[in-house]
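I have placed the structure first, in the form of structure tokens, so that the comments after it can refer back to it.
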Amino acid sequence: QVQLVESGGGLVQAGDSLRLSCAASGYIFSSYTIGWFRQAPGKEREFVSGISGNGRSTAYADSVKGRFTISRDNQNTVYLQMNSLKPEDTAAYFCAARRSMVVFTTHAGYDYWGQGTQVTVSS
């Protein structure tokens, strides 16, 4: 059974940094693409970043390019390094997985989801 657990969220000030982690279990880690999504109250869930199973392909939403970096280790964790945070980055952040080497940018492209971690950026 595929399980994803996010961690690393918190309350920070504008300009600060956070690193989110997505720990995966229950499958062959290198076979799955991992995506990060976020959802603010009253808004739709939106794609933030994704990385392919072999780590060769990455994708970012325009709103986070140059500020966020996605990476994965050789074991079971994907990281989202978030720098220069802005109040508009405030949201619940979710990681998701799909058995593929393609980075999907829509939530419909993913089969498994974590429970989310809250990021709040104050101005």
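The values are calculated or read from the model by the stated rules, or taken from the named source; none is laboratory data. Since the structure is predicted, the reported quantities are computational estimates derived from the model, not experimental observations. Here the Cβ is made from the backbone with ideal geometry for all residues, glycine too, and neighbour counts use every protein chain on show. Ligands, DNA and RNA are stripped out before the accessible areas are found, and what is left, the full protein with its side chains, is counted by its heavy atoms. Shrake-Rupley method; radii C 1.70, N 1.55, O 1.52, S 1.80 Å.
Some observations on this one:
- Pairing each residue of the range 60-80 that is without any contact (Cβ under 8 Å) to a residue 12 or more places away in the chain with any residue that is surrounded by 14 or more Cβ atoms within 10 Å (Cβ to Cβ), provided the two are 6+ apart or on different chains, yields C-beta distances under 8 Å for ASP73/TYR79.
- Selected residue (criterion: nearest to TYR79 (Cα to Cα)) from residues of the range 1-50 that are of a type in the set (Asp, Glu) and either assigned to a loop (DSSP other than H, G, I, E, B) or open to solvent by less than 60 Å² (accessible area, probe 1.4 Å) (or both): GLU6
- Residue list for the range 51-70, restricted to those being under 20 Å from THR117 (Cβ atoms), open to solvent by 50 Å² or more (accessible area, probe 1.4 Å) and in a strand (DSSP E or B): TYR60, THR69
- Residues within the range 90-109 that are under 13 Å from TRP36 (Cα atoms) and at pLDDT 95 or above, tallied: 7
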